[in-house]
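See structure below.
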Amino acid sequence: MNAMVKAEAVHKSFGPVEVLKGIDLEVEPREVFCIVGPSGSGKSTFLRCINHLEKINAGRLYVDGTLVGYREHGDKLYELRDREVAAQRRDIGMVFQRFNLFPHMTALENVMEAPVLVKGEAKAKAQERARALLDRVGLGEKTGSYPAQLSGGQQQRVAIARALAMEPKLMLFDEPTSALDPELVGEVLDVMRDLAQDGMTMIVVTHEMGFAREVGDSLVFMDDGVVVESGNPRDVLNDPQHERTKSFLSKVL
Ligand SMILES: Nc1ncnc2c1ncn2[C@@H]1O[C@H](COP(=O)(O)OP(=O)(O)O)[C@@H](O)[C@H]1O
Ligand SMILES: [Mg+2]
């Protein structure tokens with residue numbers, strides 16, 4: 001079986017600054033794969049490379065066995081056309097720290113938008129699934145609310161439902177609870193836990209070590225553009241082997 005995500009020596013620079021210095025990792029189907037590390041270590045950049053929002057400078061990235069963003073001919077890589085990149089991206093849901101909902105649309109309209117616009121799905125069908133998804137994230141009563149009428153936790157749950165509406169095979173979460181008031185974190189993590197139990201493959205950049213420990217199948221600690229340490233979340237968090245990991249964990253745990 002293919003890994004859902006495979007990174008081989010992924011390098012990424014912004015101008016002269018090398019932000020990813022050779023990332024190797026594999027995420028198995030149905031796995032909850034957590035990434036932790038200090039600010040600026042390249043976590044968001046790596047997630048953005050997975051759906052080709054950033055172009056990598058060297059190495060290879062595969063999603064479900066398919067090279068991301070490029071076609072390989074001999075030993076040369078050719079960048080895919082925008083349409084082809086968009087088609088790849090459709091299979092990957094992304095949830096950001098900030099909820100990025102459309103402010104002028106209701107929760108229901110936010111969730112329906114992409115299936116109708118991108119997939120050309122019939123409105124009635126998209127609406128039916130949007131209702132079911134909002135129900136699933138505990139917002140069945142809020143379908144008609146606008147983002148400004150919802151709490152941060154509710155908005156983030158709409159954002160998750162919106163990503164799920166495209167029926168992705170992989171979900172990327174970039175610090176989904178970091179912008180939330182502490183009392184709203186739990187409701188979002190509950191939705192993510194439910195998704196994990198349902199078998200969704202998820203890469204989760206997070207500072208929520210409790211979530212990583214309970215729900216995570218694997219965890220990597222990134223620092224300064226490299227994977228310093230990886231393994232079972234409980235092992236890495238309870239018994240870090242590297243000084244940098246120990247130092248980081250002593251600040252966040
Ligand atoms: N578009 C960009 N242009 C230039 N530098 C960037 C860009 N995006 C990120 N960086 C830099 O890359 C480094 C890693 O950033 P990021 O991936 O956001 O780290 P993290 O998510 O771990 O905090 C930081 O030094 C950041 O300033
Ligand atoms: Mg980040």
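Values quoted throughout were computed directly from the atomic coordinates according to the rules given, and no laboratory measurement underlies them. Being a predicted model, the structure only gives us computed values, none of them experimental. Every residue, glycine among them, receives a Cβ derived from its backbone with ideal geometry; neighbour counts consider all protein chains shown.
Mean residue ellipticity, 222 nm, helices only, the chain: the sum of -39500 (n - 2.57) across DSSP H runs of n ≥ 4, divided by residue count and rounded to 500, is -11000 deg cm²/dmol. The HN-Hα couplings worked out from phi for segment 174-181 by the Karplus form 6.51 cos²θ - 1.76 cosθ + 1.60 (θ = phi - 60°) are 10, 6, x, 10, 5, 9, 9, 4 Hz, whole numbers, x standing for Gly and Pro. For the pair E26 and K119 in one chain, pulling the backbone fully straight at 0.36 nm per residue adds 30.6 nm over the alpha carbon distance.
Taking the DSSP beta bridges in the chain as the whole, what percent of them are antiparallel, to the nearest 5? Bridges in the chain that DSSP calls antiparallel: roughly 60 percent. Along segment 143-156 the Karplus relation, 6.51 cos²θ - 1.76 cosθ + 1.60 evaluated at θ = phi - 60°, assigns HN-Hα couplings of 4, x, 7, 8, x, 5, 8, 10, 5, x, x, 5, 4, 5 Hz to successive residues, with x for each Gly and Pro.
The magnitude of the dipole of the chain, with charges of +1 and -1 set on the Cβ of Lys/Arg and Asp/Glu and taken from the Cα centre, is near 700 debye.
Amide hydrogen proximity for N57: with H placed 1.01 Å from N in the peptide plane, the residues at 5 or more positions away or on another chain lying under 5 Å are H11, K12, S13.
Near V95, the amide H atoms lying under 5 Å from its own belong to L172, F173, D174; only residues 5 or more places off or on other chains count, and H is placed 1.01 Å from N. Comparing A148, A107, A161 in a Gaussian network model of the chain (Cα springs below 10 Å), the most mobile by mean-square fluctuation is A148. In order along segment 221-232, the phi-based Karplus estimate (6.51 cos²θ - 1.76 cosθ + 1.60, θ = phi - 60°) of 3J(HN,Hα) comes to 9, 9, 8, 6, x, 10, 7, 7, 7, 8, x, 5 Hz; Gly and Pro are listed as x. When both segment 135-183 and segment 2-50 are represented by their alpha-carbon centers, they are found 24 Å apart. Of T206, H242, V185, which is farthest on the positive side of the dipole of segment 168-253, counting Cα position, with +1 on Lys and Arg Cβ, -1 on Asp and Glu Cβ, and the Cα centre as origin? Value: H242.
Between K251 and H104, the simple label model (points 7 Å from Cα in the Cβ direction) yields a spacing of 4.2 nm. Over the C-alpha trace of segment 3-248, radius of gyration and Dmax come out as 18.2, 55 angstrom. Lysine pair count for the chain (Cα-Cα distance under 15 Å; residues 8 or more apart in sequence or on different chains): 7.
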